[in-house]
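The values are calculated or read from the model by the stated rules, or taken from the named source; none is laboratory data. A quick note: this is a predicted structure, and the numbers were derived from the prediction, not measured. Cβ sites come from the backbone with ideal geometry, for glycine too, and all protein chains shown count toward neighbours. Only protein heavy atoms, including side chains, enter the accessible area calculation; ligands, DNA and RNA are left aside. Shrake-Rupley method; radii C 1.70, N 1.55, O 1.52, S 1.80 Å.
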Amino acid sequence: MSNLSQHERPTRAEIDLDALAFNFHSVRRFIGAGVECMAVVKADAYGHGAVECSRRLEREGARWFGAATLEEGIELREAGIAGSILIFGGIWPGQEAPMISHDLTPAIFTLDQARRFDRAAADVARRVQAHVKIDTGMNRVGFRCEDIPEVADRLSHLANLEITGLMTHFAAADDLGQTDFTERQMARFAGAVQAFHDKGFRPKYIDMANSPGAIVHPLSRSGMVRIGGLLYGLGGDVLPPEADQPELRPVMAVKSRIAQVRAIKKGETVGYGRTFLAEKDHLIATVAIGYHDGLRRALSGNGHFLVHGQETRIAGRVSMDWTTIDVSEIPEAKVGDDVTIIGRDGQEEIRAEDLARLIDTISYEITCGIDKRVRRVFTGTSDQN
Ligand SMILES: *Cc1c(COP(=O)(O)O)cnc(C)c1O
């Protein structure tokens with residue numbers, strides 16, 4: 001499966017593209033036909049590899065892709081992705097022409113962006129499409145609701161710009177205790193959509209929902225939903241456990257190998273700061289992964305890896321390139337043995353959500369944080385479709 005050649009450091013992220021496809025279909029089935037399901041592949045598909053994931057998702061029927069930046073959009077186009085690509089990050093000055101030449105659709109949230117895009121379209125004698133981002137309470141980016149009538153009026157005078165979508169973003173769709181607020185966002189958005197209609201706009205796409213919105217708040221499934229985390233099987237901390245939800249499979253596993261094993265005596269310490277003090281004789285294994293690889297240093301003395309199907313705790317500090325684990329209970333552990341940082345080994349499984357919980361973050365930050373230095377190994381190539 002991993003097919004390692006001799007010169008390769010064995011630290012790798014295994015990406016199960018069949019699990020990705022499974023999740024895509026599982027989510028689509030759950031939210032129902034007739035709702036366009038945008039595959040959000042920003043941030044290198046949350047660390048899973050945007051090109052390979054998008055190619056597979058396009059083969060599975062995805063027609064829209066969500067990227068954060070112009071550069072991410074260009075990467076997808078150059079890899080041959082033919083579907084529509086929405087760029088969430090707006091248009092910075094100078095990005096207008098490449099946005100047009102790569103046929104990318106920006107989500108615009110200032111009049112300056114709209115004017116620059118319109119002018120750039122005029123320069124090449126084209127009409128271009130954009131979506132409009134509306135702020136209904138997130139207070140991050142987007143036109144504010146009270147400004148919408150005037151914004152719609154201004155946009156209606158930009159002859160080279162066609163508004164094909166209106167979107168907003170939920171602040172707390174994953175928290176059932178804040179459903180009131182999510183519903184207020186939906187109501188404000190409906191008002192903004194109406195204001196655009198009143199100015200004669202008929203955008204094809206009206207979209208609100210991210211992963212938790214689409215699953216937990218059926219009324220937010222309008223023409224399109226934008227699904228990120230669920231595609232990668234990261235439902236564990238963005239879907240309330242009590243909510244009815246689609247079946248999901250983890251897509252990323254992170255593996256490495258033991259580089260050295262040593263027996264240490266009672267009284268010795270391990271690693272920087274000497275935070276692990278042996279209270280008896282211990283067997284310590286050093287694994288070729290560290291915080292530069294994305295194994296967060298906050299997991300020092302806290303997290304677990306799997307070796308020979310057993311949990312082994314991190315002993316001492318995670319350093320930049322190495323992590324030491326206590327394998328005293330696995331005397332057969334030896335150099336070259338596989339180590340699972342995220343994923344399954346026998347009966348045991350560690351999910352990105354589990355690591356996230358230990359250090360008070362979310363699984364998205366864990367998978368996004370797996371560094372480029374960690375080779376992605378793609379598995380699952382079934383062509384049934
Ligand atoms: C990242 C993002 C999404 C996807 O959110 P998930 O919770 O991963 O589904 C949707 N919309 C916008 C605008 C985003 O930036």
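If only residues of the stretch 206-222 that are closer than 17 Å to residue 188 by Cα and among the hydroxyl-bearing types (Ser, Thr, Tyr) are counted, the one that is least open to solvent (accessible area, probe 1.4 Å) is 220. Filtering the stretch 152-183 to residues that are among the small types (Gly, Ala, Ser) and within 13 Å of the ligand (Cβ to nearest atom) leaves 165, 171, 172, 173.
So which residues in the stretch 84-100 are within 16 Å of the ligand (Cβ to nearest atom) and in contact with a helix residue (DSSP H, G or I) (Cβ under 6 Å, 6 or more places away or on another chain)? Selection gives 85, 87, 90, 91. Residue 129 meets the conditions (1) within 21 Å of residue 42 (Cα to Cα); (2) within 16 Å of the ligand (Cβ to nearest atom); (3) open to solvent by 50 Å² or more (accessible area, probe 1.4 Å) in every case but one. The failed one is (2). Restricted to the stretch 223-263, and to residues there that are open to solvent by 10 Å² or more (accessible area, probe 1.4 Å) and of a type in the set (Val, Ile, Thr), the residue that is nearest to the ligand (Cβ to nearest atom) is 238. Screening residue 136 on (1) within 15 Å of the ligand (Cβ to nearest atom); (2) open to solvent by less than 20 Å² (accessible area, probe 1.4 Å); (3) closer than 14 Å to residue 89 by Cα; (4) in contact with a Gly (Cβ under 8 Å, 6 or more places away or on another chain) shows it passes everything except condition (3). Set side by side, the residues 209, 214 differ, and just one is more than 16 Å from residue 368 (Cβ to Cβ), within 13 Å of the ligand (Cβ to nearest atom) and either outside any loop (DSSP other than H, G, I, E, B) or in contact (Cβ under 8 Å) with a residue 60 or more places away in the chain (or both), which is 214.
Being open to solvent by less than 40 Å² (accessible area, probe 1.4 Å), within 21 Å of residue 211 (Cα to Cα) and in contact with a Ser or Thr (Cβ under 9 Å, 6 or more places away or on another chain) is the requirement here; does residue 81 meet it? Taking the combined requirement at face value, the residue does not satisfy it.
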